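**Q** Take a look at this one; I'll ask things after.
Just so it is clear, none of the values below were taken in a lab; they were calculated from the coordinates. Source: prediction; values computed, not measured. Virtual Cβ from ideal backbone geometry, glycine too; neighbours counted across all protein chains shown.
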Amino acid sequence: MLDLIVRNASLPTGRIGQDIAVKDGLIAEVGPGIEAGAAETIDAAGHLVTPPFVDSHFHMDATLSLGLPRLNESGTLLEGIALWGELKPHLTVEALKERALALCRWSIAKGTLAIRSHVDICDDRLLAVEALLEVREAVKDHIDLQLVAFPQDGYLRSPTARENLKRALDKGVDIVGGIPHFERTMAEGAESVRLLCEVAAERGLMVDMHCDETDDPLSRHIESLSYQTQRLGLQGRVTGSHLTSMHSMDNYYVSKLLPLMAEAGVHAVANPLINITIQGRHDSYPKRRGMTRVKELLAQGINVSFGHDCVMDPWYPLGSHDMMEVAHMGLHVAQMTGVEEQKTCFAAVTANGAKTLALEGYGLSPGCKADMVILQAGDVLEALRLRPARLTVIRRGRIIAETPPVESRLKVLGNEAIDFMKK
């Protein structure tokens with residue numbers, strides 16, 4: 001007897017009419033017309049069933065703090081950082097936990113069941129670290145939450161960052177972070193990359209750095225990150241997030257840089273909603289788009305995933321932690337509207353994100369963890385177009401969230417129901 005069977009599912013691969021059998025929290029079988037009994041059966045009715053969404057880059061310690069202590073009137077990255085600095089002295093563990101848990105509830109409802117969150121360690125009290133470690137424990141049955149020790153004020157620029165990062169890792173934070181472009185000089189930025197990668201190598205940890213989140217084409221810390229990755233044997237364990245300076249670099253230099261990144265096995269994370277909002281703020285016209293070179297990175301064989309980055313915080317006043325919004329924005333900004341390109345943008349918030357986070361047992365194949373989302377759409381392209389309701393969210397074979405099908409009913413021209421799906 002199976003625990004669960006999802007019938008008549010459409011899969012991201014394009015296969016239709018598939019059944020997904022679940023036993024003991026794992027996918028036991030996938031195929032058409034599975035003949036087996038189950039304690040629970042869900043009729044997907046031809047809707048798209050996908051592995052859960054993955055947010056490769058987020059700031060859960062700042063989320064839902066919009067307006068505290070005031071709004072970011074300029075909309076710039078630097079004012080956002082300044083605002084966060086003003087808020088930090090007033091943070092409490094309970095307030096941090098309350099906001100983070102509220103966000104996690106939104107995440108579950110949206111089918112986002114894996115999140116990598118950076119946590120600021122430049123507050124000597126490490127309140128955010130304490131709070132998010134407790135949140136990680138509280139949601140572990142529902143969300144895979146990874147935490148990055150993030151020296152927001154600069155690993156070398158902040159006088160206590162070195163010790164605080166060590167303390168955060170000792171407490172159980174998963175990943176070593178950094179922000180080299182925020183150090184005082186390019187040289188100190190490169191030095192911070194070296195030191196932080198050495199910390200990761202010594203501890204056997206992954207690395208995820210805010211890297212070159214600027215319009216400055218001379219901000220080239222991803223080059224240093226790629227070099228240190230190879231020098232220390234960290235291939236496959238290192239991520240460069242944002243990489244927005246790449247949109248301003250000359251093509252000759254990028255033609256050298258991309259092979260270096262590919263050789264080092266570095267992952268790249270773009271944050272379409274935030275990159276398109278924050279970058280290019282100093283431009284009049286022509287105005288740069290802001291996001292890194294997603295298509296070129298992918299063409300080089302580099303794994304690219306997308307992050308939401310912010311939801312209602314000092315840097316971004318919008319959002320509901322819907323990774324379909326992120327993919328939707330990403331395909332527009334990167335001009336990836338070809339059929340296969342759109343599918344790649346969907347992968348950037350699913351399978352590619354799972355690679356970035358090194359998630360085990362992710363997918364819809366037998367033996368994978370029975371984590372999946374049923375969307376009110378027939379296929380990947382329709383999901384990107386509609387950003388549809390998450391009809392059912394399943395974790396380890398158990399339903400953890402449901403949304404009724406969304407439809408509009410006209411009072412004119414036939415009094416019929418409209419669901420916007422193609423027929």
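**Q** How would you classify the stretch 283-423 from its alpha-carbon gyration tensor, with a ≥ b ≥ c the square roots of the eigenvalues: rounded for a/c under 1.5, else prolate if a/b is greater than b/c, otherwise oblate?
**A** Here the stretch 283-423 falls in the oblate category.
**Q** Among G265, I179, A95, which residue has its Cα furthest toward the positive end of the charge dipole of the chain, with +1 on Lys/Arg Cβ and -1 on Asp/Glu Cβ?
**A** Result: G265.
**Q** Next question. Select from the stretch 277-353 those GluC sites (Glu not before Pro) which occupy a DSSP coil region and have at most 11 other Cβ atoms within 10 Å, ordered by residue number.
**A** Sites meeting the loop and neighbour criteria: none at all.
**Q** Oh, and also: Can you tell me the length gained on complete extension of the stretch R125 to L101, counting 0.36 nm per residue apart and subtracting the Cα distance?
**A** Stretched fully, the R125-L101 segment lengthens by 6.6 nm.
**Q** Taking the Cβ of each residue in R70, R387 as the centre, tally the other Cβ atoms inside 10 Å and list the residues starting with the fewest.
**A** In order of increasing Cβ crowding within 10 Å: R70, R387.
**Q** Just want to confirm a number: the relative contact order over the chain, from Cα pairs under 8 angstrom separated by 6+ residues, in percent.
**A** 18 percent
**Q** Sticking with this one: Rounded, prolate or oblate: which fits the chain when a ≥ b ≥ c are the square roots of the eigenvalues of the alpha-carbon gyration tensor, with rounded for a/c under 1.5 and prolate only if a/b beats b/c?
**A** prolate
**Q** In the Gaussian network model of the chain, springs joining C-alpha atoms below 10 Å, which of G177, G353, G154 carries the largest mean-square fluctuation?
**A** G154
**Q** What is the calculated FRET efficiency for Y252 to N415, with r their C-beta to C-beta distance and R₀ = 41 Å, to the nearest 0.05?
**A** For Y252 and N415, the calculated efficiency is 0.10.
**Q** Right, next: For the pair A299 and V93, what calculated FRET efficiency results from E = 1/(1 + (r/R0)^6), where r is the Cβ-Cβ distance and R0 = 60 Å, to the nearest 0.05?
**A** Step by step, r from the Cβ atoms, then E = 0.85.
**Q** I want the antiparallel fraction of DSSP beta bridges within the chain, as a percent rounded to 5.
**A** About 40 percent, rounded to the nearest 5.
**Q** Ranking H118, H59, H90 by Cβ neighbours within 10 Å, fewest first, what do you get?
**A** H90, H59, H118
**Q** Sum up the lysine pairs in the stretch 53-357 that clear both bars: alpha-carbon distance under 23 Å and a spacing of 8 or more or different chains.
**A** Final tally of qualifying lysine pairs is 17.
**Q** Would you calculate the separation in nanometres between label points at E340 and E29, each defined as 7 Å from the Cα along the Cα-to-beta-carbon direction?
**A** That separation, rounded to one decimal, is 3.4 nm.
**Q** What is the distance in Å between the Cα centres of the stretch 159-235 and the stretch 342-386?
**A** What the calculation gives is 29 Å, centre to centre.
**Q** If I stretch the segment between L318 and E40 completely, what's the gain in nm (0.36 nm per residue apart, minus their alpha carbon distance), one decimal?
**A** 96.3 nm
**Q** Also, I was wondering about something else. Give the lysines reachable from K23 as a straight Cα distance under 19 Å; neighbours fewer than 8 places away on the same chain don't count.
**A** K369
**Q** Let me ask something else. To one decimal place, what Kirkwood hydrodynamic radius in Å is obtained for the stretch 5-101 from all pairs of distinct Cα atoms?
**A** Answer for the stretch 5-101: a Kirkwood hydrodynamic radius of 17.5 Å.
**Q** Here is a follow-up. Going by amide H atoms built from the backbone, whose H comes under 5 Å of the H on E29, apart from near neighbours?
**A** Close amide H contacts, sequence-distant or interchain: A21.
**Q** Could you line up L386, L87 from fewest to most neighbouring Cβ atoms inside 10 Å?
**A** L87, L386
**Q** With a Förster radius of 25 Å, plug the Cβ-Cβ distance of R194 and E263 into 1/(1 + (r/R0)^6) and report the FRET value to the nearest 0.05.
**A** Efficiency at R0 = 25 Å is approximately 0.85.
**Q** Now for a separate question. Within the stretch 181-265, report the trypsin sites (Lys or Arg not before Pro) that DSSP leaves as loop and that have at most 13 other Cβ atoms within 10 Å.
**A** Passing both the DSSP loop test and the Cβ count: R184.
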